[in-house]
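Peer 1: Here's a structure for you.
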Amino acid sequence: MHRPVLLVIAHGSRDPRHAATVHALVRRVRGLRPGVRVETGFLDFNAPSVPQVLDRLALEGVRDVVALPLLLTRAFHAKADIPAVLDRAPARLNITLADVLGPSPLLLDTLERRLYEAGLTPADKRSTGVVLASAGSTDPEAIAVIAEIARELRHTGWCAVRPAFASAALPRTEDAVRELRALGVRRVAVAPYVIAPGFLPDRIARGAAKAHVLAEVLGPAPELARLLLTRYDEAKTRPRAAALTA
């Protein structure tokens, strides 16, 4: 049975940890679905670039591609940068643009996995406040999604959850930590809502200095790998024109 190539589109970073984490996640995706060819392209800083991957696939005779943004919200990169790059792809390629990763229950599962790996347990939920620390955006839709995810995380049993941002929006991580401590929360944990290490995740970590627990970035978690394949499967059933304008 013919399967489209899955092209994972990552932002890219000067920080080598970023690309290493993206590649580790993609390896996990390949392991979950050996019958699907999975490629990685970067928008900036790292190689191969998205156009380089698309050109290579066209030269190899590939026809169908599902382009999957490795993004947690629909902000500028999802709405402008990625569609613009795909519009310049070789004409022989039939490209379907998948949805961004969030929101999804699998992302909540990944956040909790990282909090538990940092030393917390389900029994700690009622005495622990969580700062959901994202990279930040000026896009109101993206900010609203982060707020909704914070509410959903709160409903899983944590005593309080506050969204925070490393850039472009407020509050900052350190301000949200300070607020929870002022409320008398026994334990404050910072959960980075970012996929890979880099400049802004490092800023989140600095802002967590007065928290009791700092979780790792989402990284190559098994739940995240499953989510990539969920978005891939959803995109395969979507008409091409509708997908590219979604």
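Peer 1: Could you tell me which residue of segment 179-225 is surrounded by the fewest Cβ atoms within 10 Å (Cβ to Cβ), considering only residues that are part of a strand (DSSP E or B) and under 20 Å from the mean Cα position of the chain (by Cα)?
Peer 2: Initial filter on segment 179-225 (part of a strand (DSSP E or B)): 187-193, 213-214.
The next check asks that each one be under 20 Å from the mean Cα position of the chain (by Cα); those that pass are 189-193, 214.
Details: A189: 26, V190: 29, A191: 31, P192: 27, Y193: 29, L214: 22.
Here the answer is L214.
Peer 1: Since A24 meets every condition but one in (1) open to solvent by 20 Å² or more (accessible area, probe 1.4 Å); (2) more than 23 Å from R238 (Cα to Cα); (3) assigned to a helix (DSSP H, G or I); (4) in contact with a strand residue (DSSP E or B) (Cβ under 9 Å, 6 or more places away or on another chain), which condition does it not meet?
Peer 2: Checking A24 against (1) open to solvent by 20 Å² or more (accessible area, probe 1.4 Å); (2) more than 23 Å from R238 (Cα to Cα); (3) assigned to a helix (DSSP H, G or I); (4) in contact with a strand residue (DSSP E or B) (Cβ under 9 Å, 6 or more places away or on another chain), the one that fails is (4).
Peer 1: Restricting to segment 155-178, give me the number of residues that are assigned to a strand (DSSP E or B) and open to solvent by 40 Å² or more (accessible area, probe 1.4 Å).
Peer 2: Count: 1.
Peer 1: Got at least one residue in segment 232-240 being polar (S, T, N, Q) and surrounded by fewer than 22 Cβ atoms within 10 Å (Cβ to Cβ)?
Peer 2: yes
Peer 1: Note down all Cβ pairs under 6 Å where the first residue falls in segment 162-180 and is within 16 Å of P140 (Cα to Cα) and modelled with pLDDT of 95 or more, the second is among the hydrophobic types (A, V, I, L, M, F, W, C) and not in a helix (DSSP H, G or I), and they're at least six residues apart or on different chains.
Peer 2: P163/L132; A164/V131; A164/A133; A166/A135; P171/A164
Peer 1: Just for segment 106-132: of the residues that are of a type in the set (V, I, T) and surrounded by 15 or more Cβ atoms within 10 Å (Cβ to Cβ), which one is farthest from H212 (Cα to Cα)?
Peer 2: If we take residues in segment 106-132 being of a type in the set (V, I, T) and surrounded by 15 or more Cβ atoms within 10 Å (Cβ to Cβ), then T110 is farthest from H212 (Cα to Cα).
Peer 1: Next up: Only one of P34, P103, P16, P4 is open to solvent by less than 60 Å² (accessible area, probe 1.4 Å) and either in contact (Cβ under 8 Å) with a residue 24 or more places away in the chain or more than 17 Å from the chain's Cα centre (by Cα) (or both). Can you tell me which?
Peer 2: P4
Peer 1: Oh, and also: Exactly one condition in (1) over 21 Å from Y116 (Cα atoms); (2) modelled with pLDDT of 95 or more; (3) in contact with a helix residue (DSSP H, G or I) (Cβ under 9 Å, 6 or more places away or on another chain) is false for T138; which is it?
Peer 2: Of (1) over 21 Å from Y116 (Cα atoms); (2) modelled with pLDDT of 95 or more; (3) in contact with a helix residue (DSSP H, G or I) (Cβ under 9 Å, 6 or more places away or on another chain), only one is false for T138: (2).
Peer 1: Something else now. Could you tell me which of the residues A78, A133 is under 13 Å from the mean Cα position of the chain (by Cα) and part of a strand (DSSP E or B)?
Peer 2: Going through A78, A133 in turn, the sole match is A133.
Peer 1: Before we move on, is L101 closer than 17 Å to R226 by Cβ, modelled with pLDDT of 95 or more, in contact with a helix residue (DSSP H, G or I) (Cβ under 7 Å, 6 or more places away or on another chain) and assigned to a loop (DSSP other than H, G, I, E, B)?
Peer 2: In short, yes.
Peer 1: I'm checking my understanding of the structure. Among residues of segment 37-91 that are at pLDDT below 95 and within 16 Å of L101 (Cα to Cα), which one is most open to solvent (accessible area, probe 1.4 Å)?
Peer 2: Once the filter is applied, the top-ranked residue is F76.
The values are calculated or read from the model by the stated rules, or taken from the named source; none is laboratory data. Because the structure is predicted, anything quoted here is derived from the model rather than measured. All Cβ positions, even for glycine, are placed from backbone atoms using ideal geometry, and neighbour counts span all protein chains on display. Note: areas computed on protein heavy atoms with side chains; ligands, DNA, RNA excluded. Shrake-Rupley method; radii C 1.70, N 1.55, O 1.52, S 1.80 Å.
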